[in-house]
Amino acid sequence: MSPVAAPAKLIEAFWIEKYLTFWQTHRGQLIPTDHLFLAEYVLRGDVSDARRFQADFFRLDSDIPLQTYGGADKLWCNRYWVNRKVRSFDSLDQLERAHPATDSYYWRVTGSTIAGDIRPIRIGGPEGRTQIPRPHPMRLAQAGQAVTEFDSIAADRPLTIEWDSFENARAGAVIDDTIFVFIDDCRGDVVYFGGLPVEAQRIRFDSTSVTVPAGTMRPGQPYTIFFSQCRMVDQDASDGLINCAVNSFGIELDFHTAGINTGEPCPEPRKMAPFRWKRKTRVLAGLETWPTIADT
C-alpha cells in the first residue's frame, strides 16, 4: 500500500459505518426499517471535483474492490458534497455476518493529481466488536409540556427535542462521538440542522436536548425529525484527511404543525431530504449509490 499524495486537495473525509434505522411512532415505539453498511467520501470543494479521481473501496484482506466510486456517481450535499453507497440487510445478524466487527477496510484513489492508499480503518474499532449505541425514542415538548398531539405542533413556539444520554460517549482524537438532529419539510428541504461534527456550533455528545426556534416550521405542514447517535469506533487523520469508522443508529419521527398552510402546497408524493433513506437496496446489488437517480 502506498500513501496518498496530497489527498486534502480534493477530499475532506472517508467514512464507513454500521447503521441501524428506525421509524418512531407517536406512542414512542421504534419500528426497525433497515440494517445498513455504508461507505462514503466527502469532497473538500465543488461537486465537479469528483470527476478528477476514482476511489475504490476494499476489504483489507482482498485486492478486489467492494465498490468503485467514479465521477458519474450522483452526489448529495450536506454542507459538503458526499458520494455515499449503502447496502441493506434484513437483520443485524445478517449485517454482522457480511461485515464482521473484526474486519478492516481501506480506500485507493487514482487520478492525475491524487493517487495512493488510505490507511486501513477498523469497523469494530481496536476492540473488534460492534458498538452501536442503544436506540431510544425522542421526546418533544412545547411551553414546558410534553407533546402528546403530534399533528398539532405550534409553529410559532419553540420546539424542544429531548433524548436519553449517549451511553459511554466520549471525545475523540479527531472527531468526538456525534449526535445529529435534522428537520426536513415536505419538499425535502432541511429547515433545522444541529451541525456537523467538525463544526464548533454543533450538538455535543453529552447533550440531551436541543430547542428549535419558534418560526422554524410553517403552519399546516408535515415535517420529520431525524435523530442519530454515532459512535466513532476508529479514526485517523495521518494522511491529511479524516478517516472514520462509525457504529450508529438513526430514528425518524413524523409530525404536523397546527394551522392552515398559506404558502406553497406540498408535492405529492412528499419529497425527503437526501440524508434520509427511502427504500431498501436491491437484493445482491452490492453497495448502491444513495440517493439513486430513481429516488430523486
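Values quoted throughout were computed directly from the atomic coordinates according to the rules given, and no laboratory measurement underlies them. Bear in mind that the values here come from a model prediction, so they are computed numbers and not experimental data. Note that we place each Cβ from the backbone using ideal geometry, even for glycine, and neighbour counts take in every protein chain shown.
For the reader, a short list of remarks on this structure follows.
- The structure shown yields Cα extents along the principal axes in Å, and of the options (i) 53, 46, 38; (ii) 58, 50, 39; (iii) 59, 39, 39 that calculated value carries the label (iii).
- Each part gets one Cα centre, and for region 12-31 versus region 138-194 those centres are 14 Å apart.
- Charge-dipole axis of the chain as Lys and Arg at +1 and Asp and Glu at -1 on Cβ define it, positive-most pick from G259, P135, G172: G259
- Neighbour count of at most 13 Cβ within 10 Å plus DSSP loop: longest GluC sites (Glu not before Pro)-free window in the chain: 1-126
- 30 Å Cα-Cα reach of K278 towards lysines, excluding residues that sit fewer than 8 places from it in its own chain: K18, K74, K85
- Taking trypsin sites (Lys or Arg not before Pro) across region 170-236, the ones in a DSSP loop with at most 12 further Cβ atoms lying within 10 angstrom of their Cβ are R170.
- Each residue of region 103-109 was assigned a 3J(HN,Hα) from its phi angle through the Karplus expression (A = 6.51, B = -1.76, C = 1.60, θ = phi - 60°), giving 7, 10, 9, 8, 10, 10, 10 Hz with x at Gly and Pro.
- Isolated Cys residues of the chain, judged by Cβ distance under 4.7 Å to other cysteines: C77, C230, C244
- Considering only the chain, percent of DSSP beta bridges that pair antiparallel, nearest 5: 85
- Sequence-distant aspartates and glutamates (8 or more away, or on other chains) whose Cα lies within less than 16 Å of K271: D184, D185, D189, E252, D254, D295
- When each of C186, C77 is scored by the number of other beta-carbon atoms lying within 10 Å, the sequence from fewest to most is C77, C186.
- The packing ranking, built from the mean of other Cβ atoms within 10 Å per residue, places the peptides 109-120, 63-74, 260-271 in the order 109-120, 63-74, 260-271, highest first.
- Qualifying trypsin sites (Lys or Arg not before Pro) for region 78-119 [loop in DSSP, other Cβ within 10 Å: at most 13]: R79
- For region 7-295: relative contact order, % (alpha-carbon pairs under 8 angstrom, 6 or more apart): 23
- Calculated from backbone phi, Karplus (6.51, -1.76, 1.60) coupling profile of region 219-231 in Hz, x at Gly/Pro: x, x, 9, x, 9, 9, 8, 10, 10, 9, 10, 10, 8
- Residue-averaged [θ]222 nm for the chain, counting only DSSP H segments that reach four residues, each worth -39500 (n - 2.57): -500 deg cm²/dmol
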